[in-house]
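Trainee: Supplied in C-alpha cells, the structure appears directly below.
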Protein chains: 2
Amino acid sequence: LTASLPRSASAADLAARLVEGDRLALARLISAVEASRQDAREQLRCLFPRTGRAHVVGVTGPPGSGKSTLTTRLAIEYRRREQTVGIVAVDPTSPYSGGAILGDRVRMMELHSDPAVFVRSMATRGVMGGLARSTLDVVLLLDAFGKDVVLIETVGVGQDEVEIARAADTTMVVGVPNLGDDIQAIKAGILEIADVLVVNKADLAGADRLVAELRAMLQLSTVGSREWTPPIVQTVATDGQGVAELVDQVAAHRSFLESTGTWRARRAESARRQVRAIVEDRVQRRLEALTSGSDWQARFEAIASRDQDPYSVADEVMNEMAKND
Amino acid sequence: LTASLPRSASAADLAARLVEGDRLALARLISAVEASRQDAREQLRCLFPRTGRAHVVGVTGPPGSGKSTLTTRLAIEYRRREQTVGIVAVDPTSPYSGGAILGDRVRMMELHSDPAVFVRSMATRGVMGGLARSTLDVVLLLDAFGKDVVLIETVGVGQDEVEIARAADTTMVVGVPNLGDDIQAIKAGILEIADVLVVNKADLAGADRLVAELRAMLQLSTVGSREWTPPIVQTVATDGQGVAELVDQVAAHRSFLESTGTWRARRAESARRQVRAIVEDRVQRRLEALTSGSDWQARFEAIASRDQDPYSVADEVMNEMAKND
C-alpha cells in the first residue's frame, strides 16, 4: 500500500553499499527496517543470502543484573579475539538507550569509536509494528554487514522479548545475587531457554548460594538436553572478571551445536519464528490501519456502551481483513 | 475448529452461575479463558452486557518497586471502604505468582480468605494465545462477577504489558527512590500513560529527589492533559502509609473522567484495544497451527540453508491464512 520512498537517489543500492562495509548504509537500512518501510523489505530480501555466518548470542536477564555492562565486556573480549561485533539492545532500561553510569558510558564510547563494533538500541515503544520482527531484521543486517558475533541484549520479560531471546543461536541468562525477586524472575521467565547461565556480580556475598540454587534447579528441571548441560559462569562485569571464560563457554556451545547437527535444527526453528514475526507484524499494522478508521469508531463506542460486544466486532474485523488480502 | 468440550454437564450455565456470585464458576471460566476454549468465548459474549460497572485500575512499575505489596494494601483499603475487589497480576516476578516475602504472603492470605476479594495471577508464559487478550477477558469476568474495583498489576515492560496497562480506566505508575535504572525505566516505558504517579518506599532517603524529578518531568512532558495533571502520591506500602490518599486520588481521577466525558472516550479506546487483542490472538493461534505443520518444515530448513528467504515464505503464509478464512 505504502509506496517506496527513497530518501536519496542512491537508496536502491543501500544493500550493495552495506555489503561493501559502508556503515552509513547499514545505519540507514536499520532505520528503514524500524520504520517498516517497503524499500527495506526489498533490500532485506536481497541481502538474506548473504546472512547466516554470524553467531547470534542472546544476553537476557532482569533489570539490575548488569547485563549491559556484561554485554560491553563481551564485546571488548571478542574484539581482543579479533572478532567483529554487532550489539542490538532491546531494553528500555538499557544504558545503551541513555541510562548508563559513567564508567559504562566511557567503555561504550570506546566501543562506539571502534569501527569493528556497531551498537544499536531498539526503541521498544513507538515502533511501528512488532518489536520481534524489527529486531530480527536488524540482526540480519548486522550479519550481512559481516559481523562475526551479534549480541542481542533483552530484558527477558514480555512475550516479544522472549521471542527474540529464543531466536539466538546461544542464549545466556544473567542473574545476580541478593535481589529477592531475581531467582523468581529467572525461574518464571527464561531459565528454560538458557544455554549458558551467568551469575554476575559474583563478588557479592550470596553468589555461591545463587550458584548452588541454579545448580539444583538444573538438576530438577528439563533445561538443556542430555548432551548439553548449561554451564554456570561467575562474572564481575564491572572489572571484566570471568568474561573470557564466558566467551569460551559460548564458543563451546556453538561447537556442541555444530557437532551434533543441532545448529541446523535451531536455525530452522529460528526461521519459523522469524516468519511468524514478519506475518504478525504485517497483520498488526493492517489491523492498526483498519481499526483507526472513523467508520469503526462507532462500533467501539457501541462496545463501550455495551450495545455491542468485542467478540462480535472482532469477527467483523477478521472478515474485513480477509477481504483486504 | 475446536469443538466445545464442556467439563461438566453444567458448563453451559457457568456464566449464569458466575453472575449469581459463584466463585467456582468464576475460577473455571477464568481457566477456560486462559486456555482459549471455544465455550469460554461464547460465555464471554453472553456476559459482556453485564460488564462495564467496575473501575479498572492499573498498577504498573518495574520489578522491585514494591507494586505487589502496594496492590495488596490497595485491596485492603478498598475493603475498608466496603468495595469488592478483583486482582489480576500479570508479572512473572509478582509475589502473587509465588515469590512473596513472608509478611506479604500473610497479608495476601488474609485477602484470599476474604470472599469479597478475588486474586488471579496470569501466567505470562506458556499461555496459549495472547497475554493481552486473556488478561482483558479475565478483567471482564471479574467485572461481570460484580467486583467494584479490578486492580491489574503489570511490570510495564514489553508490548503486551503496556497494552494491558493502557486498557485500565486509571493507571498508576509506581517508582522507588535510589534504583539507578528506575527513573530511566519509568521514562522509557510508561510515564506517559500515568494518571497517578506513586513514589513508593517514600521513607527512603532519595524519595524527595524522585518526587522533584517526577514533578520536573511532568512540567516538561505531555503527560496528562490541560485538565488533569497526574498527582504524585508518596507511599510506604509495607505499612500502608499514603495508601488511603492514593485511593482518594484514584477516585478523583474517575470523577474527573466522568465529569469531562473522557470516561466514555477512554472506554471506546479500550474497546478498540480489546478488539485488536482478540483478533491478534486468533491470528497468532492460526499462525502457530499453520507453521507447526510438517509441510512447512521444509521451507524453514530452506531458509536456514539460505535457499529461501523468510520474507517470501511469510508471503506464502499470508496467502494460506487468507484462504483459510
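Trainee: Using the Karplus equation 6.51 cos²θ - 1.76 cosθ + 1.60 (θ = phi - 60°), what ³J(HN,Hα) coupling, rounded to whole Hz, does each residue of the stretch B:138-143 give in order, writing x for Gly and Pro?
Mentor: 5, 4, 4, 4, 5, 5
Trainee: Let me ask another. Under a Cβ-only charge scheme (Lys and Arg +1, Asp and Glu -1), can you give me the dipole magnitude of the stretch B:190-325 about the Cα centre, in debye to the nearest 20? Write out the running numbers ahead of the final one.
Mentor: Numbers: 17 positive and 22 negative charges, 92 e Å.
With only Lys, Arg, Asp and Glu charged at Cβ, the dipole is about 440 debye.
Trainee: Please work out the FRET efficiency for the pair A:Asp22 and A:Ala289, using the Cβ-Cβ distance as r and a Förster radius of 35 Å; give the result to the nearest 0.05.
Mentor: On the way: r = 33 Å, r/R0 = 0.95.
My answer for the efficiency is 0.55.
Trainee: Excluding residues on the same chain fewer than 8 positions from B:Lys67, give the aspartates and glutamates whose Cα lies under 12 Å from its Cα.
Mentor: B:Asp91, B:Asp104, B:Glu153
Trainee: For the stretch B:274-325, report the translational diffusion coefficient in µm²/s to the nearest whole number, using Stokes-Einstein at 25 °C, 0.890 mPa s, and a Kirkwood Rh over Cα pairs. Don't skip to the end; give the middle numbers.
Mentor: Numbers: Rh = 11.9 Å.
So the translational diffusion coefficient is about 206 µm²/s.
Trainee: Oh, and also: Give, rounded to the nearest 20 debye, the magnitude of the charge dipole that the stretch A:192-256 has about its Cα centre when Lys and Arg contribute +1 at Cβ and Asp and Glu contribute -1 at Cβ. Working shown, then result.
Mentor: Working: 5 positive and 9 negative charges, 27 e Å.
That gives the stretch A:192-256 a dipole magnitude of about 140 debye.
Trainee: Cut-off under 14 Å on the C-alpha distance; same-chain residues fewer than 8 positions from A:Lys323 excluded. Which aspartates and glutamates are left, in chain and number order?
Mentor: Filter leaves A:Asp315, B:Glu320, B:Asp325.
Trainee: Taking accessible area as the heavy-atom solvent-accessible surface of the protein chains with a 1.4 Å probe, which residues of the stretch B:249-272 lose no less than 20 Å² upon going from the isolated chain to the full protein assembly?
Mentor: B:Arg264, B:Arg267, B:Ala268, B:Ala271, B:Arg272
Trainee: Any idea what the B:Ala244 label distances to the other copies are, label 7 Å down the Cα→Cβ vector, nm, shortest first?
Mentor: So the distances to the same position in the other copies read 6.3 nm.
Trainee: Also, quick follow-up: Give me the distance in nm between label points sitting 7 Å out from Cα along the Cα-to-Cβ direction at B:Gln38 and B:Gln241, one decimal.
Mentor: 5.7
Trainee: Taking H as built 1.01 Å from N, whose amide H comes closer than 5 Å to the amide H of A:Val233, not counting residues under 5 places away?
Mentor: A:Leu197, A:Val198, A:Val199
Trainee: A follow-up question, please. From the label point of A:Asp148, set 7 Å from Cα along Cα→Cβ, how far away are the matching label points in the other copies, in nm, ordered shortest to longest?
Mentor: 6.6
The values are calculated or read from the model by the stated rules, or taken from the named source; none is laboratory data. Owing to the predicted nature of the structure, the values given are computational and were not obtained by experimental measurement. Reconstructed Cβ throughout: ideal geometry from the backbone, glycine too, with neighbour counts over all protein chains shown. The accessibility values were calculated without ligands, DNA or RNA, using every heavy atom of the protein model including side chains. Shrake-Rupley method; radii C 1.70, N 1.55, O 1.52, S 1.80 Å.
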